[in-house]
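**Student:** One structure coming up, written as structure tokens, with questions to follow.
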């Protein structure tokens, strides 16, 4: 983790990218002010999660989504998202457009597969230099998976707006085909 947050380098006094533990990393560092804010925010985390869980449960109790992606750990789920699978990329785009008009954020969970990033293409780190079209089913699912975020600041009116939106959408019949 230390290497990842330190640009992927090993470090004695200066960063070094020649060792055995070198990896593709990020430059995540926290200053003292950010640490102080985080310490205060951590005091609120249980309340934040509870608000999200209650909002998500309320919304889902009022909506029939046969294409809902359920959590594999309902007791540990923070309630921060509602995920559902659509039939196609085009259906996702239609649902997103309806959401945009109603000021409801519908987004993708991921923008693509990790090895499609330029870093991996440049360094040829995947199946036969990415010429074999790996993970085609995963790519298709990424385009069909819709996410609605459930922030802790939602009030009953916001939740009802999301409920109305989800009940308005006409989903196709093959949404569970993975």
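The values are calculated or read from the model by the stated rules, or taken from the named source; none is laboratory data. What you see is a predicted model, and the numbers here were worked out from it, not measured in a lab. Ideal geometry is used to build each Cβ from the backbone, glycine not excepted, and the neighbour counts take in all protein chains shown.
**Student:** Output the helices (runs of 4 or more DSSP H) that fall wholly within the stretch 1-86 and possess 1 or more residues being at pLDDT 90 or above, or say none.
**Tutor:** 32-42, 45-61
**Student:** Six or more apart or on different chains, Cβ atoms under 7 Å: show the pairs whose first residue is in the stretch 82-98 and at negative phi and surrounded by fewer than 19 Cβ atoms within 10 Å (Cβ to Cβ) and whose second is at pLDDT 90 or above and assigned to a loop (DSSP other than H, G, I, E, B).
**Tutor:** Going by the 7 Å Cβ cut-off, the qualifying pairs are 96/106.
**Student:** How many residues does the stretch 96-107 hold that are touching a strand residue (DSSP E or B) at 6+ places or on another chain (Cβ under 6 Å) and not in a loop (DSSP other than H, G, I, E, B)?
**Tutor:** 1
**Student:** Follow-up. Filter the stretch 124-150 down to the residues that are assigned to a loop (DSSP other than H, G, I, E, B) and at pLDDT below 80 and list them by number.
**Tutor:** Filtering the stretch 124-150 down to residues assigned to a loop (DSSP other than H, G, I, E, B) leaves 124-126, 131-135, 150.
Hits for the stretch 124-150 are 124, 125, 126, 131, 132, 133, 134, 135.
**Student:** For the stretch 19-74, name all the residues that are surrounded by 15 or more Cβ atoms within 10 Å (Cβ to Cβ) and farther than 30 Å from residue 88 by Cβ.
**Tutor:** 22, 25, 48, 49, 51, 53, 54 - these are the residues of the stretch 19-74 that are surrounded by 15 or more Cβ atoms within 10 Å (Cβ to Cβ) and farther than 30 Å from residue 88 by Cβ.
**Student:** Please determine whether any residue of the stretch 108-122 is outside any loop (DSSP other than H, G, I, E, B), at pLDDT 85 or above and either on the phi > 0 side of the Ramachandran plot or out of contact with any helix residue (DSSP H, G or I) (no Cβ under 7 Å at 6 or more places or on another chain) (or both).
**Tutor:** Pass one, the stretch 108-122, residues outside any loop (DSSP other than H, G, I, E, B): 114-116, 118-122.
With the extra rule that they be at pLDDT 85 or above, the set shrinks to none.
Looking through the stretch 108-122, none of the residues is outside any loop (DSSP other than H, G, I, E, B), at pLDDT 85 or above and either on the phi > 0 side of the Ramachandran plot or out of contact with any helix residue (DSSP H, G or I) (no Cβ under 7 Å at 6 or more places or on another chain) (or both).
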